[in-house]
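The values are calculated or read from the model by the stated rules, or taken from the named source; none is laboratory data. Keep in mind the model is a prediction, meaning the values are calculated, not measured. Quick reminder, even Gly has a Cβ in these numbers, built from the backbone with ideal geometry, and neighbours come from all protein chains shown. For accessibility, only protein heavy atoms count, side chains too; no ligands or nucleic acids. Shrake-Rupley method; radii C 1.70, N 1.55, O 1.52, S 1.80 Å.
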Number of protein chains: 2
Amino acid sequence: MNGKKNIAIVGFGGMGRWHAHMIRRREVCDLIGVYDIRKECMEYAEHKGINTYSSFEEVLADRRVDVVVIATENDMHKPLAIAAMDHGHNVVTEKPVTVSSADLEEMIAASKRNGVIFTTHQNRRWDGDFLSVKKVIADGALGPVFNIESRVHGSRGIPGDWRGKKEHGGGMMLDWGVHLLDQIVNALLPDRKIESVYATMDHVTNAEVDDGFHMIMMLEGGVRVCVEVGTSNFIELPRWYVQGENGTLSTPWDLTQGKIVRCTNWEEKDVVPIKTAAGITKTMAPRTDDTIKEFPIPLIDSDVHDFYRNLVDALDGKANQIVTHEQLLKVMKLMETAFESDRTGSVIRF
Amino acid sequence: MNGKKNIAIVGFGGMGRWHAHMIRRREVCDLIGVYDIRKECMEYAEHKGINTYSSFEEVLADRRVDVVVIATENDMHKPLAIAAMDHGHNVVTEKPVTVSSADLEEMIAASKRNGVIFTTHQNRRWDGDFLSVKKVIADGALGPVFNIESRVHGSRGIPGDWRGKKEHGGGMMLDWGVHLLDQIVNALLPDRKIESVYATMDHVTNAEVDDGFHMIMMLEGGVRVCVEVGTSNFIELPRWYVQGENGTLSTPWDLTQGKIVRCTNWEEKDVVPIKTAAGITKTMAPRTDDTIKEFPIPLIDSDVHDFYRNLVDALDGKANQIVTHEQLLKVMKLMETAFESDRTGSVIRF
């Protein structure tokens, strides 16, 4: 079984096509075919010279398939994934893996009883901005870190498809929150216990599902994490804002526009107060240049194709899968905790 | 009694000197003298040609005094203010009015039993940035507002004086939080009920008192307010970030560096996804220029001397005092609620 794997994609919308694009690099996988219930998506695949299946059952029955990639509406991940695993296929779902931790437990059980690999495409662990911020923190460039703010701001509401519908697992927490939380609790600070969660959901353009949220997690050791998604933000706040005891990092998505400012000398003489219209302040006066130093953010190369390389290695028994069941469960429970916090207006112990 | 009022200042440090500077404009008040327990402060006053008292008792006994301005450590406001009122003097304290709502109730009682004016110098209601943001919101330039973020970020910790000591009422909540909360709950949205408070205090440079805090208030009608003070922020986030349904305002303290972006057309065609290292996003792609428009923030003139003008008018029975006892109590209870939220790690109904 070693060697390139045959991938079938179920759900050939935006992300299905993205997977096809990646797989067709043919480095570690081959795209054996795609299936979508939408006629126009099948026509698009044919137009692109991609083999199509005439039904999901045909995918299930195709013994050449090594892995089924599921990139449908979120609520369909579970039934399709379990059916595929029960037919002996390995499965990769798009994120979010599914819409509840109870559903996820069923999917994990299907993986175990069939002895197949089941994982989820948490592609944003390979985002260059994330990996760079992770390295800055790990290198201690800011000193001990006590505050991490991760924000993604857009301004066109929720896309006008199933992402706006509750029954399909819509909403920004499941769409983007799942990435931002996975980055922090599974890759940036995986060993740091989450003590509490406070979250409020936005419903600016959509009453049915959240079109954004604000979430605060307190981690052990007094580290505060703020995760925020907004779709009515006509001006973006920084993608990352991180405070350590010796410095601050702030950057938009484009790291070349961001910076690190480190304190080189805590003691300052002759602080000049800022004069504002209605008062003065020394406390908030900007530091003088001889006590701080500005640095660019080091850029980290990344290749999201590592996800597929790892998948193939895991199938060949050469590696453990990177995105584990425990990690998926942790984030799913964290999102459920956030919704509970919003519903009850309270801080929830995690 | 109509006409200019004689002011005595008790506590001649930074803010006492600021009051002296304002009063010596001699527009509506005269500075009759100052008192401080510190010899060097008295010498400074004499050097500036300002009359000095040899004791607080001498201030109390001076029948020419109309108003005693108290600009000492926070914990001294109450005993000094009550003594002054019990001697028939009107009183203005620096902010915070005192260190607890119980203390404040005693001060209000002293004001009532002596029939004197008692108020607090909430000077930042006259900050130009605040008044401009207030006008933008009131004019409806952003549409219905659902999120208001007010931040003040510095990077030199707490000043190395009594502000770092709990016994003197130190800490950033009492020092700066009192301004930011007063602006929002007493001047920006005074009629909007506060439903809940969640706050976490920072102790990056000081274990005894908070050297910063993050506070989220949910107001009736679903308006979220975030108030934040930091003293370990080597890069500042915007002073104001306000979201309405039709636009966003973001600005540093200097409004000429800020902007408003309004949506002029919700529907967009041909959204081009952003390609990032590990994926694409249409949801978060920047808007095209034909659907948004950028505006400068209108600058509002303000004069904090209005505080003294109002004080004199109130003394003359021509106006009600701007900074009322009810407002002071509201903010004091709000700060106590924030500390309780931090202590218990929970959301507190207000």
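Output the number of residues of the stretch B:180-196 satisfying the condition of being open to solvent by less than 10 Å² (accessible area, probe 1.4 Å) and either within 11 Å of chain A (Cβ to nearest Cβ) or modelled with pLDDT under 95 (or both).
The total comes to 2.
Spot the failing condition for A:Y241; the list is (1) under 19 Å from the mean Cα position of the chain (by Cα); (2) surrounded by 24 or more Cβ atoms within 10 Å (Cβ to Cβ), and only one is missed.
With (1) under 19 Å from the mean Cα position of the chain (by Cα); (2) surrounded by 24 or more Cβ atoms within 10 Å (Cβ to Cβ) applied to A:Y241, the lone miss is (2).
Are any residues in the stretch A:126-174 assigned to a helix (DSSP H, G or I) and open to solvent by less than 20 Å² (accessible area, probe 1.4 Å), and if so, which ones?
A:G128, A:D129, A:F130, A:S132, A:V133, A:V136, A:G164, A:M172, A:M173, A:L174, listed by residue number.
Can you tell me which residue is farthest from the other protein chains (Cβ to nearest Cβ) among those in the stretch B:122-161 that are of a type in the set (F, W, Y) and under 26 Å from B:F307 (Cα atoms)?
B:F130
State whether the residues of the stretch A:252-264 include one that is open to solvent by less than 10 Å² (accessible area, probe 1.4 Å), in contact with a Gly (Cβ under 9 Å, 6 or more places away or on another chain), at the interface with chain B (Cβ under 8 Å from one of its Cβ atoms) and modelled with pLDDT under 95.
There is no residue in the stretch A:252-264 that is open to solvent by less than 10 Å² (accessible area, probe 1.4 Å), in contact with a Gly (Cβ under 9 Å, 6 or more places away or on another chain), at the interface with chain B (Cβ under 8 Å from one of its Cβ atoms) and modelled with pLDDT under 95.
Looking at the stretch B:197-214, which of its residues are open to solvent by 40 Å² or more (accessible area, probe 1.4 Å), away from chain A (no Cβ under 11 Å) and not hydrophobic (A, V, I, L, M, F, W, C)?
B:E208 - this is the single residue of the stretch B:197-214 that is open to solvent by 40 Å² or more (accessible area, probe 1.4 Å), away from chain A (no Cβ under 11 Å) and not hydrophobic (A, V, I, L, M, F, W, C).
Identify all residues within the stretch B:309-338 that are open to solvent by 10 Å² or more (accessible area, probe 1.4 Å) and outside any helix (DSSP H, G or I); write none if there are none.
Scanning the stretch B:309-338 gives B:D316, B:G317, B:K318, B:A319, B:N320, B:Q321, B:I322, B:T324.
Please list, ordered by first then second residue, the pairs with beta carbon atoms under 7 Å, 6 or more apart or interchain, first in the stretch A:200-226 and farther than 16 Å from A:W176 by Cα, second open to solvent by less than 10 Å² (accessible area, probe 1.4 Å) and of a type in the set (D, E).
If the second residue must be open to solvent by less than 10 Å² (accessible area, probe 1.4 Å) and of a type in the set (D, E), the pairs left are A:V204/A:D211; A:T205/A:D211.
Confirm whether A:A84 is within 14 Å of chain B (Cβ to nearest Cβ) and under 25 Å from the mean Cα position of the chain (by Cα).
Considered against the rule, which asks whether it is within 14 Å of chain B (Cβ to nearest Cβ) and under 25 Å from the mean Cα position of the chain (by Cα), A:A84 comes out as no.
If you go through the stretch B:215-232, how many residues are facing chain A (nearest Cβ under 9 Å), more than 22 Å from A:R262 (Cα to Cα) and of a type outside the set (D, E, K, R)?
Adding up the residues that qualify gives 4.
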